[in-house]
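Structure, as structure tokens:
The values are calculated or read from the model by the stated rules, or taken from the named source; none is laboratory data. Values in this document were obtained by computation on a predicted structure and should not be read as measured data. For neighbour counting, all protein chains shown are included, and Cβ atoms are generated from backbone atoms with ideal geometry for every residue, glycine included.
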Amino acid sequence: MYFILCVAGFGPLRAEPSRIPLLDPGAVPHLGPEGREDYARFLLQATPRAFALSPDGAWGWAAALPDAAITAARALELCGSWGGKDCKIYAEDLAVVWPGLERPAPPPGPPQPVAAGPGWSLVPDGRFLWQGPGAARGAYVWAHGRAAGGQDSRGSQPQPHVRVFNNVGYDVFRFDRDPATDETDLAATWLRGALRSLRAQGYGRVVIGGQSRGAWNALQALDTPGLVDGVVAIAPAAHGAAGSPAWAWALDDLQQVVAAARSPAARVAVASFAEDEFDPDPERRAALFRRLNAPQVGGLLFLDRPAEVTGHGGGADARFTLRYGACLLDFVEGRTTGCGEAAPDRRAPDALLAARATGR
């Protein structure tokens, strides 16, 4: 059976024939069309997450709170606040737990890194659904940023738009790096090796996405033909925040990354945000990003300072996923060349950041 995940009126998220009841909004009891649409939003949220509902049709969900117990309690509270009687949790993280419809989370990916070297590892992320190289639609590798203060970002959860890819069958991996040795060009070399390992394991489609320095490394991978089929570079940066002396050569380095691209089959999406403290010159950087086009790459989708969100962390904003998540998937897979002019979701812009509930 095919089904459609509809997200906030911005177009469908195409789903493969599903063996995972969690992903089917039509399987959720007691909900009307609005509730099923909101359940589709819930499926894009970071874990921990919980979706509560009542037999009289009210519901509420919460996500990304400090732990599973707090998250479930908040979802139940929201369901009750909309008049729900006898609210219970329907879905929690990757499992359906509703009485009589219980479906455990599918088996996770390997517990150990699938590739590693001194200073880095390629790790299946257990917070996402897992298919395996023989069944997956592709592999999505997420590269985290490099914190200015040297904090360890290993294990950090990929941004929410990655769930759009995961929900249609992509396996999700983290490209984790030790902050003590995470230098830009060295990390790019590690990344190329990690991506080659996924090809060797049988993944027919490989997408690399990242935030900040991870996004910069993703763009560097374009210098090797055939390494990736898609790149999703969110706020790429490698030269520090405002006031960094490295800003003096930041644009020259970006020009070199763009000029080195030699991946004519790869489709490249770049998102750049207004008020980004890591962007030394928004207009000149935008002009450089726009040079990433055929024949160097297979196509460019440049989201240049979208109105919905701002700042270096704009890609982690739920509004970015709701507006552009489906478009990123469609672009990477070759179904579209742009994201159109659809308006952002005006109905619940703030509650989507942590929890939302509506009911009848």
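Observations, loosely collected:
- Whichever residue in the stretch 253-298 is in contact with a Pro (Cβ under 8 Å, 6 or more places away or on another chain) and surrounded by fewer than 21 Cβ atoms within 10 Å (Cβ to Cβ) and, among such residues, is nearest to Gly315 (Cα to Cα): Ala274
- Enumeration of residues in the stretch 129-140 that are touching a helix residue (DSSP H, G or I) at 6+ places or on another chain (Cβ under 7 Å) and either buried (at least 20 other Cβ atoms within 10 Å of the Cβ) or closer than 27 Å to Ala237 by Cα (or both): Leu129, Ala139, Tyr140
- If the condition is being free of Cβ contacts under 8 Å to residues at least 40 places away in the same chain and either of a type in the set (D, E, K, R) or touching a helix residue (DSSP H, G or I) at 6+ places or on another chain (Cβ under 9 Å) (or both), then the stretch 175-188 contributes Glu183, Asp185, Ala188.
- So Arg192, is it assigned to a helix (DSSP H, G or I), assigned by TED's automatic domain parsing to the domain that holds Asp253, touching a helix residue (DSSP H, G or I) at 6+ places or on another chain (Cβ under 7 Å) and of a type in the set (D, E, K, R): yes
Condition check ((1) of a type in the set (Asp, Glu); (2) farther than 24 Å from Glu34 by Cα) across all residues:
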residue	(1), (2)
Pro48	no, no
Asp67	yes, yes
Leu78	no, no
Ala148	no, yes
Gln151	no, yes
Gln159	no, yes
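- Some residue of the stretch 167-174 being assigned by TED's automatic domain parsing to the domain that holds Ala266, closer than 17 Å to Val270 by Cβ, surrounded by 24 or more Cβ atoms within 10 Å (Cβ to Cβ) and touching a residue at least 12 places away in the same chain (Cβ under 8 Å): no
- Listed by first and then second residue, the pairs with beta-carbon distance under 6 Å, at least 6 apart or on different chains, first residue in the stretch 230-256 and more than 17 Å from Phe273 (Cβ to Cβ) and at pLDDT 95 or above, second of a type in the set (Val, Ile, Thr) and not in a helix (DSSP H, G or I), are Gly230/Val207; Val231/Ile208; Val231/Val268.
- When residues of the stretch 107-128 are limited to those that are in contact with a helix residue (DSSP H, G or I) (Cβ under 7 Å, 6 or more places away or on another chain) and outside any loop (DSSP other than H, G, I, E, B), the one surrounded by the fewest Cβ atoms within 10 Å (Cβ to Cβ): Gly117
- For the stretch 145-170, residues that are out of contact with any Gly (no Cβ under 9 Å at 6 or more places or on another chain) and not aliphatic (A, V, I, L, M) total 9.
- Strands (runs of 3 or more DSSP E) fully within the stretch 7-100 that include at least 2 residues being modelled with pLDDT of 95 or more and crowded, with 16+ Cβ neighbours inside 10 Å: 49-53, 59-63, 88-92.
Every residue, every condition in (1) of a type in the set (Lys, Arg); (2) under 23 Å from Thr321 (Cβ atoms); (3) free of Cβ contacts under 8 Å to residues at least 60 places away in the same chain, yes or no:
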| position | (1), (2), (3) |
| --- | --- |
| Ala260 | no, no, yes |
| Ala269 | no, yes, no |
| Glu275 | no, yes, yes |
| Pro282 | no, yes, yes |
| Ala286 | no, yes, yes |
